[in-house]
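Q: This is the structure, below, for whatever I ask next.
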Amino acid sequence: MTDLKAALTFLFTVTFIASPLLTDPFMGFSENQLPIPQINPPVQPAGYAFAIWGLIYAWLFLSATYGLALRVDDPDWERARTPLIISLLIGTPWLMVANQNAVAATVMIFAMAGFAILAVLRGPRHDRWLFQAPVAIYAGWLTAASFVSLGSTAAGYGLVFDQIGWAYAAVGAALLVALTVQNRVKTAPEYGATVIWALVGIIVANLAGVTGVAIAAGVGIVVIGLTLARNIARAPAV
């Protein structure tokens, strides 16, 4: 079974990385996907922020390759493989779904994020740079992206708030989840740092737009940054 899980982790990492080649590029939900078109929603980070996927893909591939070659029977890796496999399996068709159905894509990305976070929580503390760090970056970006998707989709259906209201709600909810997770995985600052990366992207996107959303994202950066600093200061000496 350990051989199978290591092989499946590698397989679905490859299919996940290859998935952008099999569908149209995703640049946010198109106007015809939502009853109320979301054009440049304030909850969405600036386009450059999505370049982090290059790092995520490369590091996940390195991790899966190393795990298949040298950590097939490692029980610490084994505990984290099942949720990571599920996250990658859901993520493989995500781009295709996102180009067709915003609601389904939102549900899927929350599932991806949840299983990725579980993989970080279960992950080994040794081989930190070959499992915990890449999976933490993956989980951190999905945490932010899931609430971006929720904010855009909910605003697109006119639920409760308009797009500005949902931007505030999404930033606040993402911050709450990020702090909760980061305080559970104090040894993986990459998770919180990636959420900060997303929040910086939101600030950049709103500098000439909704200033209040940029300020809210800035507050989130400060709070997560202080949490990371506290965790690092309290980390035992090695």
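Q: Based on this model, can you work out whether GLN100 counts as in a loop (DSSP other than H, G, I, E, B), exposed (fewer than 15 other Cβ atoms within 10 Å of the Cβ) and polar (S, T, N, Q)?
A: Here the answer is yes, as GLN100 does meet what is asked.
Here is a yes/no grid of residues against (1) surrounded by fewer than 17 Cβ atoms within 10 Å (Cβ to Cβ); (2) at pLDDT 95 or above; (3) of a type in the set (D, E, K, R):
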{"position": "TRP59", "(1), (2), (3)": "no, yes, no"}
{"position": "VAL72", "(1), (2), (3)": "yes, no, no"}
{"position": "ARG81", "(1), (2), (3)": "no, yes, yes"}
{"position": "ALA105", "(1), (2), (3)": "no, yes, no"}
{"position": "ALA119", "(1), (2), (3)": "no, yes, no"}
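Q: With respect to LEU150, is the statement that it is in contact (Cβ under 8 Å) with a residue 40 or more places away in the chain and either in contact with a Lys or Arg (Cβ under 6 Å, 6 or more places away or on another chain) or farther than 21 Å from ARG230 by Cα (or both) true?
A: It is true that LEU150 is in contact (Cβ under 8 Å) with a residue 40 or more places away in the chain and either in contact with a Lys or Arg (Cβ under 6 Å, 6 or more places away or on another chain) or farther than 21 Å from ARG230 by Cα (or both).
Q: Of all residues in the range 1-52 being assigned to a loop (DSSP other than H, G, I, E, B) and of a type in the set (Gly, Ala, Ser), which is farthest from LEU175 (Cα to Cα)?
A: Residue satisfying both the conditions and the ranking: SER30.
Q: Next up: Given the criteria small (Gly, Ala, Ser), surrounded by 21 or more Cβ atoms within 10 Å (Cβ to Cβ) and assigned to a helix (DSSP H, G or I), does ALA111 qualify?
A: No.
Q: Now, a different point. Step by step: first the residues of the range 180-210, then only those that are among the hydroxyl-bearing types (Ser, Thr, Tyr) and surrounded by 12 or more Cβ atoms within 10 Å (Cβ to Cβ), then the one that is modelled with the lowest pLDDT. Which residue is that?
A: THR187
Q: Just to be sure before I move on: is ALA174 surrounded by 23 or more Cβ atoms within 10 Å (Cβ to Cβ), free of Cβ contacts under 8 Å to residues at least 60 places away in the same chain and in a helix (DSSP H, G or I) in the structure I sent?
A: yes
The values are calculated or read from the model by the stated rules, or taken from the named source; none is laboratory data. Since this is a predicted model, take the numbers as computed values, not measurements. Heads up, the Cβs are rebuilt from the backbone with ideal geometry, glycines too, and the neighbour counts pull from every protein chain shown.
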